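Note sheet for the following structure.
A short reminder: the numbers here are calculations on the coordinates, not readings from a lab. All values reported here derive from a predicted model rather than from experimental measurement. Using ideal geometry, Cβ is built from the backbone for each residue, glycine included, and neighbour counts are taken over all protein chains shown.
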Amino acid sequence: MEPFALKTALDNVRATTPLVHCITNYVTVNDCANALLAVGGSPIMSDEPEDVNDIQTICGGLALNIGTLNVRSVEGMFVAGERAGELGHAIVLDPVGAGASALRTRTAGDLLDKLAVSVIRGNMSEVKALAGGASSTRGVDVCPDDAVTENNLAASAAFARGFAAKTGAVVAITGAIDIVADAERAFAVRNGSAVMGRITGAGCMLTCVCAAFAVANPAALLESQVAAVAGMGLAGQVAEGRMGGYDGNGSFRTYLLDALYRLDGEALEAGARVEELA
Amino acid sequence: MEPFALKTALDNVRATTPLVHCITNYVTVNDCANALLAVGGSPIMSDEPEDVNDIQTICGGLALNIGTLNVRSVEGMFVAGERAGELGHAIVLDPVGAGASALRTRTAGDLLDKLAVSVIRGNMSEVKALAGGASSTRGVDVCPDDAVTENNLAASAAFARGFAAKTGAVVAITGAIDIVADAERAFAVRNGSAVMGRITGAGCMLTCVCAAFAVANPAALLESQVAAVAGMGLAGQVAEGRMGGYDGNGSFRTYLLDALYRLDGEALEAGARVEELA
Amino acid sequence: MEPFALKTALDNVRATTPLVHCITNYVTVNDCANALLAVGGSPIMSDEPEDVNDIQTICGGLALNIGTLNVRSVEGMFVAGERAGELGHAIVLDPVGAGASALRTRTAGDLLDKLAVSVIRGNMSEVKALAGGASSTRGVDVCPDDAVTENNLAASAAFARGFAAKTGAVVAITGAIDIVADAERAFAVRNGSAVMGRITGAGCMLTCVCAAFAVANPAALLESQVAAVAGMGLAGQVAEGRMGGYDGNGSFRTYLLDALYRLDGEALEAGARVEELA
């Protein structure tokens, strides 16, 4: 990937203020909204089935996150997703906790089967569960056995490419090393901070940011997702670098939003650690 | 308006700790609760129809926000609102996204028709939609064509006074320039910060703060709403002034709550930029 | 209580990363998740009745908070609670607003009657309401008449021990002075900061932290709850100590999470003001 693509992807978000309709969990929804605003997008949250058709109509894309799914909000996800499909809007699916409960695994699978999902963003355990593989999860965290490492990187990339080929979606698997792939190409992203795992919502925020990047970069979906993933990781590094001796995950969360807000295209290109995998 | 009214309005909040029952969206609800606490009020959130009658009974007022409305919570709004009406409690209505979906426009209109709404607080697009005018919204943000400017200020004030006359409510339209009006008088408030539009919830927080000011100042409703609007705007200015080179919307949000917490009556009078419009 | 127990209780949390299933209110749920992460636990939120059985199965304990109860989430509480009982998992009950509405009082009572509750954590008004005594509450805050003071400390401790004997649960009543008791012993904890009452969620966060401590210390439930209560109080003191002249409840909330994140076993033992009551 040419480095300039990352800056361009971010510039396109900032230039177009993509409206992203989010149906997401109530745990991290505030952070999701502020992350979208920080990066240059605009959030609208609506999950009521009667409301979502109209809301999706005025938006550019849809972020679906099953972190605190309930029967009503899942119905809203399908209604909104069908409308997004009619309008050709990007849909980003975050299968939070797939593998941890039958309802989550089934719901994530149904959403993927029935909607025109553009991007799947989750940790490896969740994505494996979604792909129907034998997977166990430790709740909403990745199972240690599933973590992407330098040792299993090629195999992980092959899995991501294969799942992208099967689903037609870009697959973004995030963790200590992130993988972003479509059916043809896969990239490793080595940005990020371990403290991101000590706040709630880093993944949820990224999912919404991915949606903004997808909406703003329709002609370069894969590249836009690499930019979103690298941008969030770089923001995590900046946030960690700001931490003083009394700071913990409370301050880190604030600094992470701040870093997204201040994220600069040149700094993104300079700081992104993106490698195309063979 | 005599300047002392602003300090008095704030003092009355701090002296009486008004309990405000909030039925509000799950995106910004935490900020709403902390904003109420910051300004000297006390929040109680309850939206279950079976619960809201009792909760409203022990509170002094009600804040209704349709930002993430659903069928159950809307039912709770009506039950709570009818109880508030029986008890003569102030009701503040925030028609989030009115104009953006049929459900939101209709629900906001029904709430206004059937409840004894004391204050309507929204952006111009939302308030126009509520007033039945031809309006378009950009999701939960004001449509650029609707923004209050120096050029349309007199017409905007006339609209606000007219809608106040029709509804019997104080109308608070916030944006780059805020307008607060009843049927007789209208005020422009020129406080605030552009960064308030880069966090989620500045409007939602203000709605709850307006409710606290209304409850604590029953004999001076209009003045109390001017004080709430100017106070929030001034807090935004203080928050922006605190921002350093690494700070973004994460820190701004924290600073905004801090500034509400530290808001001082004398500083409010000195800093409020309130003008009565002819 | 030997001082070393406090450090051990905290060390056990950090060493085992207890997964806590939370069914809690949407006001403070983000802070609850971040507080659990700060202290060394891991949160999973799920309230859908169809989902909670599976989620509870993979967790170590359950935190139930009725702060924004609704019919669906209450059903989820019973399903999750029954599963927790089957598995011998710790259940911590936070009867938010018991006494403030009939629904809350009845729901809290039913949860206590039907589930194997390990710990009850609330303010004195809520716990009195749960115990069926004549109590009034000021919404979600303690009624001034109910506050634990040096003057009524012995009687308050006797009440807590009695309620613990009746329910089989550890009773943690928090306020200016905290009381933690089982049927045999009662402790006063004199840590904490008045600013904790100026943010939303200090109690809710503590409830989740109590659950993590309960899960990680099955052989020393009472001691673990004293450690959790003292640890949260000490974090409040550290947070207050960090506040500068512009800081308010926004910064305090961040500092509180930071202090939980940085909480050190030796500092906890040195700073805990725990007294066993006769």
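Overview of results
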| quantity | calculated |
| --- | --- |
| Within 10 Å of each Cβ in B:101-109, the average number of Cβ atoms from other chains | 4 |
| Derived scalar couplings ³J(HN,Hα) [segment A:262-271; Karplus, 6.51 cos²θ - 1.76 cosθ + 1.60; whole Hz; x for Gly, Pro] | 8, 4, 10, x, 5, 5, 5, 5, 5, x |
| Whole-Hz ³J(HN,Hα) from phi, Karplus 6.51 cos²θ - 1.76 cosθ + 1.60, for segment A:68-85, glycine and proline x | 10, 4, 9, 4, 5, 6, 5, 4, x, 4, 5, 4, 5, x, 5, 5, 4, x |
| Efficiency of FRET between residue C:14 and residue B:264 - r from beta-carbon atoms, R0 51 angstrom, step 0.05 | 0.75 |
| Distance from segment C:20-45 to segment B:1-44 (C-alpha centre basis), Å | 26 Å |
| 5 angstrom amide H check on residue A:90, placed H, neighbours 5+ away | A:62 |
| DSSP-defined antiparallel bridges as percent of all bridges, the protein assembly as shown, nearest 5 | 40 percent |
| Diffusion constant of segment C:33-182 at 20 °C, which comes from Stokes-Einstein with the Kirkwood Cα-pair radius and 1.002 mPa s, µm²/s | 136 µm²/s |
| Label geometry 7 Å along the beta-carbon vector: residue C:176 inter-copy distances in nm | 5.1, 5.1 |
| Candidates B:32, B:59, B:208: whichever shows maximal mean-square fluctuation once chain B is modelled as a Gaussian network with Cα springs under 10 Å | B:59 |
| Translational diffusion coefficient (Stokes-Einstein; Kirkwood radius from C-alpha pairs) of the protein assembly as shown at 37 °C, 0.692 mPa s, in µm²/s | 123 µm²/s |
| DSSP bridge orientation in segment C:1-159 - percent antiparallel, rounded to nearest 5 | 5 percent |
| Segment A:220-262: C-alpha gyration tensor shape, a/c 1.5 cut-off, then a/b vs b/c | prolate |
| Three-way shape call for chain B based on the alpha-carbon gyration tensor, with the a/c threshold at 1.5 | rounded |
| Lysine pair number, Cα distance threshold 24 Å (strictly under), the protein assembly as shown, separation 8 or more or different chains | 9 |
| Copy-to-copy label separations for residue A:16, where each label sits 7 Å from Cα toward Cβ, in nm and ascending | 5.1, 5.1 |
| Summed residue charge, Cβ within 13 Å of residue A:192's Cβ, Lys/Arg positive, Asp/Glu negative | +1 |
| Range in chain C, longest, excluding exposed GluC sites (Glu not before Pro) [loop by DSSP; at most 10 other beta-carbon atoms within 10 Å] | C:1-149 |
| Teacher prompt: residue B:273 distances to equivalent labels in other copies, 7 Å Cα→Cβ, nm | 4.6, 4.6 |
| Beta bridge orientation in segment A:98-228: antiparallel %, DSSP, nearest 5 | 60 percent |
| Built amide H within the under 5 Å cut-off of residue C:170, gap 5+ | C:119, C:120 |
| Average beta carbon contacts from partner chains per residue of A:69-75, 10 Å cutoff | 4 |
| Förster-model FRET efficiency, 25 Å R0, residue B:246 and residue C:243, C-beta, rounded to 0.05 | 0.80 |
| ³J(HN,Hα) computed for each position of segment A:228-245 - Karplus, 6.51 cos²θ - 1.76 cosθ + 1.60, integer Hz, glycine/proline x | 5, 5, 5, x, 5, x, 5, 4, x, 5, 4, 4, 4, x, 7, 5, x, x |
| Positive minus negative residues near residue C:77 (Lys, Arg vs Asp, Glu; Cβ under 12 Å) | -3 |
| Inter-site label distance for residue C:275 and residue C:57 at 7 Å from Cα along Cβ, in nm | 4.9 nm |
| Helical mean residue ellipticity (222 nm; -39500 (n - 2.57) per DSSP H run of 4+; nearest 500) of the protein assembly as shown | -16500 deg cm²/dmol |
| Innermost chain A residue relative to the axis carrying A onto C, by Cβ distance in angstrom | A:26, 3 |
